[in-house]
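K.L.:
Before anything else, here's the structure in question.
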Amino acid sequence: MIVIFGATGTIATPLIEALQAKGEEIRAVTSNPANTEGLRAKGCDVAIADFTDPASLVQACNGADKAFLVTPADVDMRQWKANAIEAAKKAGVRHVVMSTGLGASPKAGLVLGQWHSHSQELLKASGMEWTLVQPTYFMQNLLWQAENIAANNVYMDDLGGAVSWVDARDIADVAALALTGEGQNEKAYGLTGPEGLSGEQIAALLSEVTGRKIAVQAVTPEQSRAGMAAAGMAPVVVDAMLELTALAPKGYLGAVDPTIENVLGRPARSFEQFIRDHATAFGTAS
Ligand SMILES: NC(=O)c1ccc[n+]([C@@H]2O[C@H](COP(=O)([O-])OP(=O)(O)OC[C@H]3O[C@@H](n4cnc5c(N)ncnc54)[C@H](OP(=O)(O)O)[C@@H]3O)[C@@H](O)[C@H]2O)c1
């Protein structure tokens, strides 16, 4: 039995599919009772637990051999992951696969890298077997503005430089391998997509797939800050996000890591494929 935290989220949704395709039994964890029915309909055992409630996390882990741990980017994410790691240990989980972020290490210069590193070091010290998946910027983030792209034919570029976006389905496939394969203990997988793409290149791909001219419009850090604040993000998290995106114009987010291809034995999904697979969301029937 594999317990999956964040089961309704961006990475865990395709992860559950990938593990079920391998015949694994899943216990999906949600903090929202309204999500239980959908998870059961997928054939999962379901536990309701909250990252702030250690007892509920232990219950969610009871009887599981392995766990996948991801939390949302939140001001409390270090404490949430610490609670889940401790709960897994208490419940007798043997191996935890945890998703953090590319570049997370004790030497990380960025706040997000330091926060993720804190959780990584806790897991390593837990005595359980561990594997880390460390993704860069998700292609799925583009879906946040899909409605606007469909309605107004404009891609809002808040990065301002090349980024080697990764498809969360590839993150999930690597995590599935880490949870089911041999020799996965003490491995850390830095994950990027197959190419660094600028805002102009993304707009060109959107234009090609949708058959409409999609323009690119630069978003300033001040506009990004206002948008994230309006969405309810804590100021310290907004600062951390802006610190990360400020690396793009300097060219630091465009490097390609071959790990996905090396580990999975097939190329990482391209951004063009991602856009084609979500073409309806961007306003085309193709
Ligand atoms: N987006 C990016 O480009 C990017 C890039 C690199 C790294 N990351 C990292 O990836 C992580 C986010 O991954 P993701 O997008 O897969 O996660 P996500 O979709 O943001 O969240 C996963 C799930 O966590 C659950 N959740 C929320 N609050 C909870 C609570 N208090 N207790 C228990 N569960 C709770 C939610 O499900 P329920 O409502 O069903 O409980 C949610 O679906 C963050 O750590 C972020 O720093 C993101």
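K.L.:
Which members of the stretch 88-119 meet the condition of being within 21 Å of Asp173 (Cα to Cα), more than 11 Å from the ligand (Cβ to nearest atom) and free of Cβ contacts under 8 Å to residues at least 40 places away in the same chain?
P.N.:
Once the filter is applied, which keeps residues that are within 21 Å of Asp173 (Cα to Cα), more than 11 Å from the ligand (Cβ to nearest atom) and free of Cβ contacts under 8 Å to residues at least 40 places away in the same chain, the stretch 88-119 yields Arg94, Val96.
K.L.:
Name the single residue that is surrounded by the fewest Cβ atoms within 10 Å (Cβ to Cβ) among those in the stretch 233-269 being part of a loop (DSSP other than H, G, I, E, B) and touching a Leu at 6+ places or on another chain (Cβ under 9 Å).
P.N.:
Pro249
K.L.:
Quick one: in the stretch 195-225, which of the residues that are part of a loop (DSSP other than H, G, I, E, B) and under 22 Å from the mean Cα position of the chain (by Cα) is surrounded by the most Cβ atoms within 10 Å (Cβ to Cβ)?
P.N.:
Result: Gly196.
K.L.:
Something else about it: Which one is nearest to the ligand (Cβ to nearest atom), of the residues in the stretch 12-43 that are assigned to a strand (DSSP E or B) and closer than 22 Å to Asp170 by Cβ?
P.N.:
The selected residue is Ala28.
K.L.:
Looking only at residues in the stretch 115-154 that are touching a strand residue (DSSP E or B) at 6+ places or on another chain (Cβ under 9 Å) and assigned to a loop (DSSP other than H, G, I, E, B), which one is surrounded by the most Cβ atoms within 10 Å (Cβ to Cβ)?
P.N.:
So the residue we want is Thr136.
K.L.:
Being surrounded by fewer than 17 Cβ atoms within 10 Å (Cβ to Cβ), more than 17 Å from Ala162 (Cα to Cα), without any contact (Cβ under 8 Å) to a residue 40 or more places away in the chain and among the small types (Gly, Ala, Ser): is that true of Ala281 here?
P.N.:
For Ala281, the condition - surrounded by fewer than 17 Cβ atoms within 10 Å (Cβ to Cβ), more than 17 Å from Ala162 (Cα to Cα), without any contact (Cβ under 8 Å) to a residue 40 or more places away in the chain and among the small types (Gly, Ala, Ser) - is not met.
K.L.:
If we scan the stretch 168-183, do we find a residue that is part of a helix (DSSP H, G or I), away from the ligand (no atom under 11 Å from the Cβ) and under 23 Å from Thr284 (Cα atoms)?
P.N.:
Scanning the stretch 168-183 turns up at least one residue that is part of a helix (DSSP H, G or I), away from the ligand (no atom under 11 Å from the Cβ) and under 23 Å from Thr284 (Cα atoms).
K.L.:
Within the stretch 1-34, work out how many residues are free of Cβ contacts under 8 Å to residues at least 12 places away in the same chain and under 18 Å from Pro54 (Cα atoms).
P.N.:
Final tally of qualifying residues: 0.
K.L.:
Would you be able to tell me the number of residues in the stretch 125-148 that are of a type in the set (S, T, N, Q) and within 9 Å of the ligand (Cβ to nearest atom)?
P.N.:
Residues flagged as of a type in the set (S, T, N, Q) and within 9 Å of the ligand (Cβ to nearest atom) within the stretch 125-148 amount to 4.
K.L.:
Which condition from (1) more than 30 Å from Gly181 (Cα to Cα); (2) among the aliphatic types (A, V, I, L, M); (3) surrounded by 14 or more Cβ atoms within 10 Å (Cβ to Cβ) is the one that Ala230 breaks?
P.N.:
For Ala230, the failing item is (3).
Every number here is computed from the coordinates shown, using simple stated rules; none is lab data. Here the structure is a predicted model, which is why all the values come from computation and not from measurement. Using ideal geometry, Cβ is built from the backbone for each residue, glycine included, and neighbour counts are taken over all protein chains shown.
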